[in-house]
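Please read the structure below before turning to the comments.
Bear in mind that the values in this text are calculations on the coordinates, not laboratory data. Everything quoted here is computed from the prediction, not taken from an experiment. Cβ sites come from the backbone with ideal geometry, for glycine too, and all protein chains shown count toward neighbours.
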């Protein structure tokens, strides 16, 4: 994941004319300094450090976990056509008229996304973000690709003085929300309707496979941030890894990851944004400064010894068990041309692998 600071001063890659410097009350602390983990938590947050395993002989199946089973303006109104979802193999997907997205938007997918949110929050030691925002008043906050809206809901609850907006292609968010939060149906690839220099904090998470040009997107984000504001971008990798077991090139984790990589090449919307340095590269090209990239490891099941990582892995494992078909069916059948049966075979092998605690599998974040 990467946290960036929008520059209030001119720089070689920033806008030609920079607005006046912010007042001392605005957050201008370097993200590289303020968002670094405390010494006692650094080992859990640094991707280079292998996570300690808690796996006993014969304790290899995690299937029975502790969890239960011209220009176009982008902001749209909730018209009936938006609710005319695409149907595929018994699942629903966003209407192609509102934008192209590869993931389902039904209840089954929503449950998985909420579990992943809980896993990521635990991974950040019960934090919603790493950016050094003002705790008394974070200001205007935008959550791009809000999904179920759970991150925006938690943020609005925790910071009632903030003005929070969550946007997504699908109106899959709850109708009862805090008074300082609203949701909008929006395609972030189209022209934004908000003024420039408007937001204090912009958050984006799990946008892989959705954005054709991340430098262009980051440039748009920079334009709509106030000087001294922050952008935090969080992505989950596609490739299962292990520090404890050597995984061969033909492992199912490779098959799974490369199906997404190949689909991204075909659509021009890459799934590789989480690979080393990609997020920071695009942010730097867009003109951001004080870029802090934090590499994390998210366990895939309950093998980790650390209690929070064990719980995070349990959440993430259950999210995958719950809806691995949802993550892969559209990508493999509609983009790669696989049969439904071929997807089921891959998913079955993936389920077996992520249940194997002795592999100590994790995903990079």
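Here are a few things to note about the model shown:
- Order by protection proxy (mean Cβ within 10 Å, highest first), peptides 195-201, 119-125: 119-125, 195-201
- Shape annotation for the stretch 316-365: C-alpha extents along the principal axes are 33, 22, 17 Å, from largest to smallest.
- Normalised Debye scattering of the stretch 194-241 at q = 0.13, 0.20, 0.25, 0.30 Å⁻¹ gives log10 I(q)/I(0) of -0.35, -0.71, -0.96, -1.16, counting only Cα atoms as equal scatterers and leaving out solvent.
- Cα-only Debye scattering, the stretch 117-226: base-10 log of I(q)/I(0) at q = 0.14 Å⁻¹: -0.55
- Computing Rg and the Kirkwood Rh from the Cα coordinates of the stretch 275-365 gives a ratio, Rg/Rh, of 1.09.
- Ellipsoid equivalent to the stretch 172-266 - semi-axes via the Cα gyration tensor, in Å: 34, 17, 15
- Percent of C-alpha pairs per 10 Å bin, the stretch 278-325, short to long: 24, 28, 23, 24, 0
- Whole-number D in µm² s⁻¹ for the stretch 227-337, Kirkwood Cα-pair radius fed into Stokes-Einstein, 4 °C, 1.567 mPa s: 80 µm²/s
- Distance between the stretch 324-357 and the stretch 180-198 - C-alpha centres, whole angstrom: 34 Å
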